[in-house]
Amino acid sequence: FFRGLLYSVVRRYASPGLAALTTGLVFAAVHLQVVNFMPIAVLGIAFALSVERTRSVVPAVVMHALNNAAALVAAYVQR
């Protein structure tokens, strides 16, 4: 949704940087984690910039999956 639809719509009206910033902030807001807002926003921006650079959502999906997997492993190890 964020990179495939929202980013492409915002990108029509804004520069790549502004579109990445906007969608990254929305991405972070949707996660509803106030403490982690900035790190999630940075990830969202990086994901959007990867779409801009590669013209594909695949790298962003892979990065997102790897990030989620790392978070799951970290949570498991902390238990």
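The values are calculated or read from the model by the stated rules, or taken from the named source; none is laboratory data. In this text, all values refer to a predicted model and were calculated from it rather than measured experimentally. All Cβ positions, even for glycine, are placed from backbone atoms using ideal geometry, and neighbour counts span all protein chains on display. We work out accessible area using only protein heavy atoms, side chains counted, and drop any ligands, DNA or RNA first. Shrake-Rupley method; radii C 1.70, N 1.55, O 1.52, S 1.80 Å.
Residues in segment 56-79 that are surrounded by 10 or more Cβ atoms within 10 Å (Cβ to Cβ) and not in a helix (DSSP H, G or I): S56, V57.
If a residue must be within 11 Å of the chain's Cα centre (by Cα) and of a type in the set (S, T, N, Q), how many such residues does segment 25-79 contain? Residues that pass the stated criteria total 2. Only a single item in (1) open to solvent by 80 Å² or more (accessible area, probe 1.4 Å); (2) in contact (Cβ under 8 Å) with a residue 12 or more places away in the chain; (3) closer than 13 Å to Y7 by Cα is not met by L18, and it is number (2).
When the criteria are applied in full, R53 meets the requirement of being of a type in the set (K, R), closer than 19 Å to L6 by Cβ and loosely packed, with under 14 Cβ neighbours inside 10 Å.
What number of residues within segment 1-44 are over 18 Å from A71 (Cβ atoms), in a helix (DSSP H, G or I) and of a type outside the set (S, T, Y)?
17
Taking segment 29-47 as the search range and keeping residues that are open to solvent by less than 50 Å² (accessible area, probe 1.4 Å) and out of contact with any Gly (no Cβ under 6 Å at 6 or more places or on another chain), which one is farthest from G4 (Cα to Cα)?
Keep residues of segment 29-47 that are open to solvent by less than 50 Å² (accessible area, probe 1.4 Å), which gives 40-41, 44-47.
Remaining after also requiring out of contact with any Gly (no Cβ under 6 Å at 6 or more places or on another chain): 40, 46-47.
Details: I40: 18, A46: 14, F47: 11 Å.
Per the criteria, the residue is I40.
S8 passes every criterion in (1) modelled with pLDDT under 95; (2) loosely packed, with under 12 Cβ neighbours inside 10 Å apart from (2).
For R3, state whether it is open to solvent by 50 Å² or more (accessible area, probe 1.4 Å) and of a type in the set (D, E, K, R).
Working: open to solvent by 50 Å² or more (accessible area, probe 1.4 Å): no; of a type in the set (D, E, K, R): yes.
No: the conditions fail for R3.
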